[in-house]
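To start, the structure under review is shown below, and the notes come after it.
The values are calculated or read from the model by the stated rules, or taken from the named source; none is laboratory data. Predicted, not measured: the structure shown is a model, and the values here were computed from it. For the accessible areas, the whole protein counts, side chains as well, though only heavy atoms, and no ligand, DNA or RNA atoms are used. Shrake-Rupley method; radii C 1.70, N 1.55, O 1.52, S 1.80 Å.
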Amino acid sequence: MKTLFPLTILAITLSAHGEMAVKAPMADAVTHEQLTAISKKANSTPPTAQMKPVQLAEDPSVVNRPGDLFSRSDIFCFNGYASLVPKQAILHIPDNYASRVGLQDGVKFQIWADFYAANRGWITTQEVTRAQAEGREPLSDDVKKALSKCTSVVVATYHTGPISVLAPKPVQPATATATTKPQ
């Protein structure tokens with residue numbers, strides 16, 4: 001009787017509320033032979049064999065190829081150094097700084113952060129949101145007013161890096177059928 005009592009305690013446990021709970025039965029471990037059979041079955045047909053080629057009218061690698069870096073960028077040049085920013089990232093260019101936009105001969109290229117640090121006297125940045133950069137949201141009226149009065153070149157940035165700002169998309173009026181009530 002002494003050996004039966006401890007086994008009974010191990011087989012039955014009490015829940016937090018004092019109710020008896022029986023533990024779930026244990027399953028056998030997978031054997032090496034079973035693992036080998038599963039592996040052979042999985043490796044017998046590669047997943048690419050089930051894929052079928054798609055016939056497209058145009059080759060996407062040719063159609064979606066971006067232009068060269070210079071055609072997609074605006075270039076700032078000043079004091080023997082140059083830097084690239086994406087097209088449409090320049091929000092405002094005063095007339096007296098227009099000559100600093102464009103490639104000049106004999107310049108050395110710098111990354112934007114270095115060029116901006118050296119030219120903060122005539123370049124200002126305007127942080128924009130992702131929605132504003134995508135054209136889903138217009139720039140605020142305060143920003144537009146400040147741009148019109150600004151005497152420096154203004155570059156749009158997102159997390160301190162230059163970014164293109166697309167023109168805001170026109171808002172389409174909502175349909176009246178969604179708000180009408182049935183009578």
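Computed from backbone phi with θ = phi - 60° and the Karplus coefficients 6.51, -1.76 and 1.60, the 3J(HN,Hα) list for the range 63-72 is 5, 8, 6, x, x, 5, 4, 5, 6, 9 Hz; x is used for glycine and proline. Let me make sure I get this right: for the range 33-183, a, b and c are the square roots of the gyration tensor eigenvalues over alpha carbons, sorted descending. Under 1.5 in a/c it's rounded, otherwise prolate if a/b > b/c, else oblate. Which is it? Oblate is the answer for the range 33-183, as a/c is 1.5 or above yet b/c matches or exceeds a/b. For the range 120-134, the Karplus equation 6.51 cos²θ - 1.76 cosθ + 1.60, evaluated at θ = phi - 60°, returns couplings of 5, x, 10, 10, 10, 10, 10, 5, 10, 8, 5, 4, 5, 5, 7 Hz by residue, with Gly and Pro reported as x. Around the amide H of His92, modelled in the peptide plane, lie the amide H atoms of Val154, all under 5 Å away and 5 or more residues distant in sequence or on another chain.
What separates the Cα centres of the range 149-164 and the range 111-131 is a distance of 6 Å.
Using a 1.4 Å probe on the protein heavy atoms, what percent of the accessible area of the range 34-172 belongs to carbon and sulfur?
Numbers: 5470 of 9930 Å².
Using a 1.4 Å probe with all protein chains present, the range 34-172 comes out at 55 percent carbon and sulfur.
Would you mind checking the pairs Lys108/Lys149; Lys52/Lys169; Lys87/Lys144; Lys87/Lys169; Lys145/Lys169 and listing those with alpha carbons more than 28 angstrom apart? Display every interim value, and only then the final one.
Values: Lys108/Lys149 32 Å; Lys52/Lys169 39 Å; Lys87/Lys144 19 Å; Lys87/Lys169 18 Å; Lys145/Lys169 20 Å.
Table pairs above 28 Å Cα-Cα are Lys108/Lys149; Lys52/Lys169.
Note on the range 49-96: Cα Rg divided by 2.2 N^0.38 Å, N the number of residues, gives 2.04. Tell me whether the range 58-125 comes out rounded, prolate or oblate; compute the Cα gyration tensor, take square roots of the eigenvalues as a ≥ b ≥ c, and use a/c under 1.5 as the rounded threshold. Judged from the Cα gyration tensor, the range 58-125 comes out prolate (a/c at least 1.5, a/b above b/c).
Heavy-atom accessible surface of the range 43-183, averaged per residue, reaches 74 Å², computed with a 1.4 Å probe.
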